[in-house]
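Worksheet: one structure, shown below.
The values are calculated or read from the model by the stated rules, or taken from the named source; none is laboratory data. This one's a predicted model, so the numbers in the text were calculated from it and none came from an experiment. Here the Cβ is made from the backbone with ideal geometry for all residues, glycine too, and neighbour counts use every protein chain on show. Note: areas computed on protein heavy atoms with side chains; ligands, DNA, RNA excluded. Shrake-Rupley method; radii C 1.70, N 1.55, O 1.52, S 1.80 Å.
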Amino acid sequence: MARPRNQEARREQLVLAATEAVGRHGLAQLRVADIADAAGVARGSVNYYFSDLGELLQQVYRRAADRFFTDRATLAAALPDARDKLVACARLGLPDGPEDELALVLYEFSSATHDNPVYSTLAQSLFDRQVTLYAGILEIGRAQGHFTLTGPALDLAANLVVLEDGYGLHIISRNASLTPERSLDLLLGHARTVTGCPDLLPDRAVDTPSS
């Protein structure tokens, strides 16, 4: 049977449905039927568009990774001032709240890395790219005269990413003491300490240049 012309649209629909299903059921309990139900299609449709559940879940992971790396990198590239770059990246690197679907998905995959080498490789790749992004911003800030770094840029960047991950876990765990706003304040407080820049404030207005 020939695949319909809207093959890519249907695949995207299933990726979105799988994202929702992972957030709702978790990876350990996830079934193909859960994804089909979320998409409103027959179970056979999932197997028709993806060779197996693993292929579909890798697409789910990449979608979440785009949110926390690709989108941030694109925004950072559009901002000339390193202070704006860092504040924008910090803001986008934290979950919006306990129901942040893509953040929930990433933490589900992170918990499965011990048993799945594919997920482990994906998680390390995302971490390394995020570190490189922050390190580049720190180096630009130093070159612009805004930052006085207290250590190697890669080390400071790694700490920023780990702090994001830690605060994010508390946010999705509904820790009332670490709301997204409080977490951003703490993350930027650390950034101010390691850069010597007092301008890295949560309420810093960040506007992308006009195209």
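Worth pointing out:
- Per residue, the average separation of C-alpha pairs within less than 8 Å and at least 6 apart gives the chain a relative contact order of 22 percent.
- Modelled label positions at S120 and D52, each set 7 Å beyond Cα in the direction of Cβ, lie 1.8 nm from each other.
- Structure-based [θ]222 nm, the chain - -39500 (n - 2.57) summed over DSSP H runs of at least 4, per residue, nearest 500: -21500 deg cm²/dmol
- Mean Cα-pair separation over length for the stretch 103-188, i.e. relative contact order, pairs under 8 Å, 6 or more apart, %: 23 percent
- Using 0.36 nm per residue and subtracting the Cα-Cα separation, the extra length available between A77 and D155 on full extension is 25.9 nm.
- Within the stretch 54-74, backbone nitrogen closer than 11 Å to the virtual label 7 Å beyond the Cα of R11 toward Cβ: 56, 59
- Dipole moment magnitude, nearest 20 debye, the chain about Cα centre, only Lys, Arg, Asp, Glu C-beta charged: 340 debye
- In Hz, Karplus ³J(HN,Hα) per residue of the stretch 6-21 (6.51, -1.76, 1.60; θ = phi - 60°; x = Gly, Pro): 8, 4, 5, 5, 5, 4, 5, 4, 6, 5, 4, 5, 5, 4, 4, 5
- Computed over the stretch 1-121, Kirkwood Rh from alpha-carbon pairs, angstrom: 15.7 Å
- Listed values for the stretch 174-189 are Karplus-derived 3J(HN,Hα) couplings in whole Hz (6.51 cos²θ - 1.76 cosθ + 1.60, θ = phi - 60°), namely 6, 6, 5, 7, 10, 6, x, 5, 5, 5, 5, 4, 5, 4, 6, x, and x replaces Gly and Pro.
- Restriction of the trypsin sites (Lys or Arg not before Pro) in the stretch 90-177 to DSSP coil positions whose beta-carbon has at most 11 other beta-carbons within 10 angstrom yields R174.
- Sorted peptide list for 77-90, 188-201, criterion being average Cβ within 10 angstrom, highest first: 77-90, 188-201
- Apportionment of accessible area to carbon and sulfur, the stretch 1-53, percent (1.4 Å): 45 percent
- Maximal additional length on extending the Q29-E99 stretch stands at 23.3 nm, based on 0.36 nm per residue less the C-alpha distance.
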